[in-house]
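Below is one structure; the comments refer to it alone.
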Amino acid sequence: MNKNILTIFLIVIVLSHTAVFASEVPKGIAHNGCVFEEVGVLSEQNIKGIDEHVEKIVSDIKYDIAFLLIDKPVDDIDEEAKKAYKRLDIGYGDNKDGIILLINFDDQRFTSYNQNSVPLVKFFRHDLDEIEESFLKSITSDKEVEVALKEGMLAYADTVEAKIKGTYVSETKKYDKNISVHDDVNVLAGGQLEKLESAAKKFEKDHNTALNIVVIDKLYDGLDEKATALKIYRSNDFGYGEDNDGLMLLVATVDRKYRIVTKGSARNAFINKNLEKLEKDFLPALSDGDYFNSFLTFVSTSDEVYLDYEKDPESYKEKAVKEQKEQKKERQSGKKKRSKASKALVEITLFVVALISGLGFSFYHKRKLNTARREYAAGDYVVGDSFKLTREVDKYLYSTITKTEIRREKDNSSGGGYSSGSSWSSSSSDDYGGSGGSF
């Protein structure tokens, strides 16, 4: 028996250490093609597939495309991408024209840096938004991270090609910037629409900040409420003045989702407590389907917030900057906690597998030592007339009732870990604030 225990112990130790070591070996390595892997999320096979696909595009459009995957804290991800572009010698031809997508798993953010010497292929901010959106659709999906990552990188390269060739077709609806309220679903009557438009214009005049309300039926394909709202705001150039100061409410009636977008002074005014106040005021009527009064409340509460903000804008700005720094720390600390938990889970799982393997190995050999004679029929083990059933009763013992709380979804997720999901975002969204969820 002591030998069996010793055998199990040795097998568990060997298999556990071997499995843990194998699980920590990176699948990907730094590559000299278009993919520079420093994380180990992509397999060599997937890296090769992406390289081959992108190489064909680059040779056709004469414009370089590269991807850099990292997992480390970065203060300025845009500056990091710019440095990486030069350090990795990205660019096509003597002018080094090209684009790089930097993907940071540390805080689940990404950014693009491009260099163009030919005016015809110059990418404006809205072009980069649409290029990055193709990647965002995949990385925020529910697919396994390596699959989502590969599909997103391929889609990114395809969109760059379409942009340069002039074959890209935008799916975003264009709205008249001079109109504040856009009702695509006709939830507002004529008189209600006019009253809301007048209230929104008054807000803009009083505070030099645009206020837009956009009502659609469904979110854009592959995008959540945050990405859809940012796409509408940026592609339509909403906002007031050069800095596009503004506040926008997006409501998707079929998907039952909403998103508040803040930019410039509105982002400073609507710190967390004011966003919570705004939601508390307008959401009840929205949940009841009373769109008109919900939107009127949205405008009136926004006006109250701004009147208080204008008393001491510098104080508000300091609070806003502080909250943004805290949110960044939360994203990074959350990632570290999940990474430790994930590693512990892997080690426990591998230990259990090794333990089961060891027990199985031991019992197999122990069974071979059994010299008892085996019978060939079940009846050979039963003594005749030894069992008599005299009474049979069915008793009802207990019942199980399961209750599941229906919770209102709230956009308060933080990034981190080697995973896909809605916590991923582009650095271009850093200039925007807001909140959202379900109603």
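Every number in this text was worked out from the coordinates using simple rules, so none of it is lab data. Treat the numbers as computed from the prediction; the structure is a model and nothing was measured. Because the Cβ atoms are built from the backbone with ideal geometry, glycine has one as well, and the counts that use them run over all protein chains shown.
Can you work out D for the range 35-165 in µm² s⁻¹ from Stokes-Einstein, where Rh is the Kirkwood radius over C-alpha pairs, the temperature is 4 °C and the viscosity is 1.567 mPa s?
After rounding, the answer is 88 µm²/s.
Expressed in nm², what is the orientationally averaged projection area of the convex hull enclosing the Cα positions of the range 197-240? Walk me through the numbers on the way to the answer.
Working: hull surface 14.0 nm².
Mean projected area of the Cα convex hull: 3.5 nm².
Given the C-alpha atoms of the range 257-328, compute the convex hull and give its volume per residue in Å³.
Looking at the range 257-328, the number lands at 86 Å³ per residue.
Taking the number of other C-beta atoms within 10 Å as the exposure measure, put Tyr291, Tyr175 in order starting with the fewest.
On the way: Tyr291 20, Tyr175 17.
Least to most surrounded, the residues fall as Tyr175, Tyr291.
Could you tell me, in Å, what Rg and Dmax come out for the Cα atoms of the range 137-259?
Every Cα atom of the range 137-259 included, Rg and Dmax give 17.1, 52 Å.
Quick check on the exposure proxy: order Ile139, Ile70 from fewest to most C-beta atoms within 10 angstrom.
Ile70, Ile139
Show me 86-95, 40-49 ranked by packing, highest mean number of other Cβ atoms within 10 Å first. Let's see the in-between values first.
Working: 86-95: 13.7, 40-49: 17.0.
Answer by packing, highest mean first, reads 40-49, 86-95.
Please state the equivalent ellipsoid semi-axes for the range 46-87: what are the square roots of 5 times the Cα gyration tensor eigenvalues, largest first, in whole Å? If you can, show how the numbers build up before the last one.
Numbers: eigenvalues 121, 38, 7 Å².
For the range 46-87, the semi-axes come out at 25, 14, 6 Å.
Give me the Kirkwood hydrodynamic radius of the range 129-202 in Å, from all C-alpha pairs, to one decimal place?
Evaluated on the range 129-202, it is 15.4 Å.
Can you divide the C-alpha Rg of the range 181-319 by 2.2 N^0.38 Å and report the result to two decimal places?
Here the answer is 1.00, to two decimals.
How would Lys173, Lys82 line up from fewest to most surrounding beta-carbon atoms within 10 angstrom?
Ascending Cβ contact count within 10 Å gives the list Lys173, Lys82.
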